[in-house]
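Peer 1: First the structure, then my questions, so here it is.
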Amino acid sequence: MKTNINIITKLYTLENVSVEITDYAAPAKGIKYVIASDGIEIARAYLYVLKNDLHSEPWGFMEDVFVHDDFRGKGYGTAIVKRVIEGAAEHGCYKLICTSKHPETRAHAWYKGMGFQNIAQELRIDFPAGSQ
């Protein structure tokens with residue numbers, strides 16, 4: 001479903017062909033899950049619920065999974081990730097994606113233990129701070 005909020009159209013020239021590319025606002029929602037005690041954030045994770053034209057159902061992206069150093073290895077990370085998984089299901093997501101850096105083999109095994117599969121490679125561009 002396309003919405004006409006904040007439509008921006010720009011003209012681009014690609015190999016002697018001019019095309020107009022129109023930006024549409026896309027439905028999305030961000031949710032932050034937190035475990036806290038005595039004002040200390042023990043664990044957190046974000047769920048972004050996104051929509052595209054390929055599926056009628058949304059999909060989820062889990063980001064910024066964090067457990068405070070003093071609380072690691074005590075089940076807080078597992079609890080917060082399980083809550084994100086539940087949240088994605090509650091929002092009707094057909095899949096949930098997360099990323100983890102290549103050298104983090106312990107983290108990869110941990111995610112796989114919760115049902116995640118290694119089926120893709122992340123490709124990314126990092127922008128210099130303040131470049132936007």
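The values are calculated or read from the model by the stated rules, or taken from the named source; none is laboratory data. Please read these numbers as outputs of a predicted model, since none were measured by experiment. Glycine gets a Cβ as well: all are built from the backbone with ideal geometry, and neighbour counts include every protein chain shown.
Peer 1: Out of curiosity, is A28 loosely packed, with under 12 Cβ neighbours inside 10 Å, touching a Pro at 6+ places or on another chain (Cβ under 9 Å) and not charged (D, E, K, R)?
Peer 2: Here the answer is yes, as A28 does meet what is asked.
Peer 1: So in the stretch 82-112, with the set limited to residues that are of a type in the set (G, A, S) and at pLDDT 95 or above, which one is nearest to the chain's Cα centre (by Cα)?
Peer 2: A88
Peer 1: Still on this model: Within the stretch 26-63, take every residue that is assigned to a strand (DSSP E or B) and in contact with a Ser or Thr (Cβ under 9 Å, 6 or more places away or on another chain) and give me the one that is farthest from G115 (Cα to Cα).
Peer 2: E63
Peer 1: Tell me yes or no: at least one residue of the stretch 68-76 is modelled with pLDDT of 95 or more, out of contact with any Gly (no Cβ under 6 Å at 6 or more places or on another chain), of a type in the set (D, E, K, R) and under 26 Å from P27 (Cβ atoms).
Peer 2: Within the stretch 68-76, none of the residues are modelled with pLDDT of 95 or more, out of contact with any Gly (no Cβ under 6 Å at 6 or more places or on another chain), of a type in the set (D, E, K, R) and under 26 Å from P27 (Cβ atoms).
Peer 1: Would you check which residues across the stretch 86-100 are in a helix (DSSP H, G or I) and crowded, with 18+ Cβ neighbours inside 10 Å and list them?
Peer 2: Within the stretch 86-100, G87, A88 meet the criteria.
Peer 1: For the stretch 16-25, indicate whether the set of residues that are charged (D, E, K, R) and outside any strand (DSSP E or B) is non-empty.
Peer 2: No, the stretch 16-25 has no match at all.
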